[in-house]
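Written out below as structure tokens is the structure these notes cover.
Quick note: the coordinates plus some simple rules give every number you see, no bench work behind them. Computed from a predicted structure; not experimentally measured. Cβ placement follows ideal geometry from the backbone for every residue including glycine, while neighbour counts extend to all protein chains displayed.
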């Protein structure tokens, strides 16, 4: 039986194990090494966990018994510290020496640190893993400054308000989720979150985090001179692929661990998947591409290697209870814009050459699958353009290849 070692036990690694044991349950003796002291859990659910909407048992989607049922050896709380490629062996911090025939790197990504003074003070933390959530849940109510107006920052800020904290979010741009939303939707989102008690400082950059003289946070100083008193600071300014281990082993790295379309590194015995990789000059942070990478990688490990990974954009959704938001595509290119703004909802469709290139739905998102299908299939919408904002029920599109124009909506 061949030996497979998987470094990492996050969502990409767990999906890989699920796919592989389904395809070839008896091909490998599998060992998984996780840095965190937990079985596999759903990182997407950390925001509801922080907000009190779920519990640790519920988000543990791959409990210890799941590994035992598949004869997978799981080592937790002891990260791999060295890879000996020529000996095909990895060494953990606890001294385990694990030989492999195939190795998968699923080391994930680390939270990006603010490039300012004071990030090492007591009370400065990130929102990235289960340990972070436990730390945040242990804090007595206080003044929190969240830096970053992306998905993680917003989800953390909303959850902390629910926990009784006085929360101010600092964002460097003019509207929230500026990479996913247009200005109109971003402002709607801000207004809805302000109604929940969240405060915002926009178009502001963190200059330094002040020390209270005892090694703890006392305030955040902004570049425009504003001073925000704070007991805690949460950094939510992006992620950085964990690639140091691969680099030390002599693998090719750039923005991440470089892989080809089979998720293989230049060493044919070593694959990499998830947030740690760079594929065709792109890195990843959403769940959908990670799962697709896991499926492709599993097919090759199972020696059924006919699949290739080709990135496809994914729709993004905000995980804040009571706020429905879906977006995909691009709003910066040329083309036409269709918009429908109502008191409880907002829809924007970006068009180019009679095809949808971007979408924002806020409030009412029931039509998201319809628009996403048109986007992915590059469907010509010229015949239903006038009714497109009304949704699928008002758009009688022909079947692919159907030249009969009589059934098209005016």
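Report the antiparallel proportion of the DSSP beta bridges in the stretch 124-235 as a percent, rounded to a multiple of 5. If you can, show how the numbers build up before the last one.
Working: 8 of 23 bridges.
Restricted to the stretch 124-235, the bridges split so that about 35 percent are antiparallel.
Please say if the stretch 1-93 is rounded, prolate or oblate, where rounded means a/c under 1.5 for a ≥ b ≥ c the square roots of the C-alpha gyration tensor eigenvalues, and otherwise the choice is prolate for a/b larger than b/c and oblate otherwise? Write down the numbers at each step before the final one.
Working: a/c = 2.63, a/b = 1.56, b/c = 1.69.
Oblate is the answer for the stretch 1-93, as a/c is 1.5 or above yet b/c matches or exceeds a/b.
Over the chain, what is the percentage of antiparallel beta bridges among all DSSP beta bridges, to the nearest 5? Once the DSSP bridges in the chain are tallied, antiparallel ones form about 55 percent.
State the three equivalent ellipsoid semi-axes of the stretch 324-394, derived from the C-alpha gyration tensor as the square roots of 5 times its eigenvalues, in descending order and whole Å. List each step's numbers first, then the result.
Details: eigenvalues 60, 35, 26 Å².
Sorted largest first and rounded, they come to 17, 13, 12 Å.
Please list the equivalent ellipsoid semi-axes of the stretch 124-235, computed as the square roots of five times the alpha-carbon gyration tensor eigenvalues, in descending order and whole angstrom. The partial results should precede the final answer.
Values: eigenvalues 97, 58, 29 Å².
Whole-Å semi-axes of the equivalent ellipsoid: 22, 17, 12.
Inter-part distance, the stretch 238-292 to the stretch 201-232, computed on C-alpha centroids, equals 35 Å. Cα centroid separation, the stretch 125-183 to the stretch 42-99: 26 Å. Judged by the mean number of other Cβ atoms found within 10 Å, the most tightly packed of the peptides 237-248, 30-41 leads the ranking 30-41, 237-248.
Arranged by the count of other C-beta atoms within 10 angstrom, fewest first, what order do 257, 75, 91 take?
Working: 257 29, 75 18, 91 14.
By the 10 Å Cβ count, ascending, the order reads 91, 75, 257.
Sort the stretch 130-170 into rounded, prolate or oblate with this rule: let a ≥ b ≥ c be the square roots of the eigenvalues of the Cα gyration tensor; rounded if a/c is under 1.5, and if a/c is not under 1.5, prolate when a/b is larger than b/c, oblate otherwise. Verdict is oblate for the stretch 130-170.
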